[in-house]
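Worksheet for the structure shown next.
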Amino acid sequence: MGFASDLRILYHLALKPVRGKDHAARMENFYAGQAAAYDDFRKRLLKGRQELWNLIPPPPGGTWLDMGGGTGANLDYFGDSISRLGKIYVLDLSHSLLEIAKQRIAAKGWTNVETVEADATIFQPPTGPVDVVTFSYSLTMIPDWFAAIENALAILKPGGTIGVVDFYVSRKYASDALARHRWFTRTFWPTWFALDNVFPSPDHVPFLHRHFDVLHFQERRAKVPYVPLARVPYYLFVGRKRP
Ligand SMILES: C[S@@+](CC[C@H](N)C(=O)[O-])C[C@H]1O[C@@H](n2cnc3c(N)ncnc32)[C@H](O)[C@@H]1O
């Protein structure tokens, strides 16, 4: 994948208007033209995914649900331990991205991985409560993100794990334990990302801290392809559902 592929992605990110009568239609409209080139570009934009996966040991025989899992790129981060899990669901609203996930699953011969075209805010796993729920750069694209976290809380087993990696901005008056971003950071990134219906929020981090016991939390900055000097804030959160 080279510069031509990047140009296609940049066109979709920066110029092509996103259309659709509802959220699912808008997601598919945004991703359909970039599904094939998605993984290469997002590897450079969406940092911390491998680290998040490394922080969560796959529970033997357990169920892992990746909410907004897209092309299933995160499946590669399991390595050999993927076979230790009983079931993995890659859930997404975008049909085109899930088609790439299906190709990946078939190519690797994974028999315990299933794609689900559904909404993260309401999905109920047919196999019952799950051991792990992850959101990698999907919460910022889910308008009712609070409903997605509440749904994760409802379908996790007591003691189950939630893992989140995503862009964010701090509150103006973030608590002393958290990073406090300047006005420019708090204003620029939400405005820039909103063009693509990505909404970095000051509220995801406090909401996660309020609802889960914190096992790991880190605030970081990352480079952005083709935006020199800019460093976008992102965080890693691993929490446990209270018994
Ligand atoms: C930036 S992509 C991240 C994809 C993948 N997790 C990754 O790390 O490459 C955000 C994903 O969230 C999905 N998404 C947005 N809203 C959703 C919802 N309500 N339910 C399920 N998936 C959703 C989008 O279709 C998209 O695939």
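The values are calculated or read from the model by the stated rules, or taken from the named source; none is laboratory data. Please read these numbers as outputs of a predicted model, since none were measured by experiment. Backbone-built Cβ (ideal geometry, glycine too); neighbour counts: all protein chains shown. Ligands, DNA and RNA are excluded from the accessible area calculation, which covers all protein heavy atoms including side chains. Shrake-Rupley method; radii C 1.70, N 1.55, O 1.52, S 1.80 Å.
When the surface is traced with a 1.4 Å probe over the full set of protein chains, residue 90 keeps roughly 0 Å² accessible. Between segment 78-109 and segment 15-33, what is the C-alpha centre distance in whole Å? Value for the Cα centre distance between the two parts: 23 Å. Taking 115, 187, 71 in turn, the Gaussian network model of the chain (Cα-Cα springs below 10 Å) assigns the largest fluctuation to 187. Applied to segment 55-65, the Karplus parametrisation 6.51 cos²θ - 1.76 cosθ + 1.60 on θ = phi - 60° returns per-residue 3J(HN,Hα) values of 7, 10, x, x, x, x, x, x, 10, 10, 10 Hz, with x for Gly and Pro.
What's the Cα-based Rg to Rh of segment 56-152, Rh via Kirkwood? Kindly include the intermediate steps, with their values, before the conclusion.
Values: Rg = 12.5 Å, Rh = 13.4 Å.
Here the Rg-to-Rh quotient is 0.93.
Of the listed pairs 43/102; 172/241; 21/108; 47/108, which have alpha-carbon separations greater than 26 Å here? Table pairs above 26 Å Cα-Cα are 172/241; 21/108. Given a 1.4 Å probe and the protein chains as shown, residue 236 ends up with an accessible area of around 0 Å². Counting only protein heavy atoms and using a 1.4 Å probe, the accessible area of residue 51 comes to about 70 Å².
Tell me which of 187, 167, 208 sits at the most positive position along the dipole axis of the chain, charges placed on C-beta atoms (Lys, Arg +1; Asp, Glu -1). The Cα lying farthest towards the positive end belongs to 187. Structure remark: mean-square fluctuation, Gaussian network model of the chain, C-alpha springs under 10 Å; the largest value among 85, 229, 45 belongs to 229. Three principal axis extents of the chain based on alpha-carbon atoms, in descending order, are 45, 44, 35 Å. For segment 112-187, trypsin sites (Lys or Arg not before Pro) meeting the loop criterion (DSSP other than H, G, I, E, B) and having at most 12 other Cβ atoms within 10 Å: 172, 182.
Spacing of the modelled spin labels on residue 18 and residue 106, each 7 Å from Cα toward Cβ, amounts to 2.9 nm. Taking the average, over residues, of other Cβ atoms within 10 Å as the packing measure, peptides 54-61, 196-203 rank 196-203, 54-61 from highest down.
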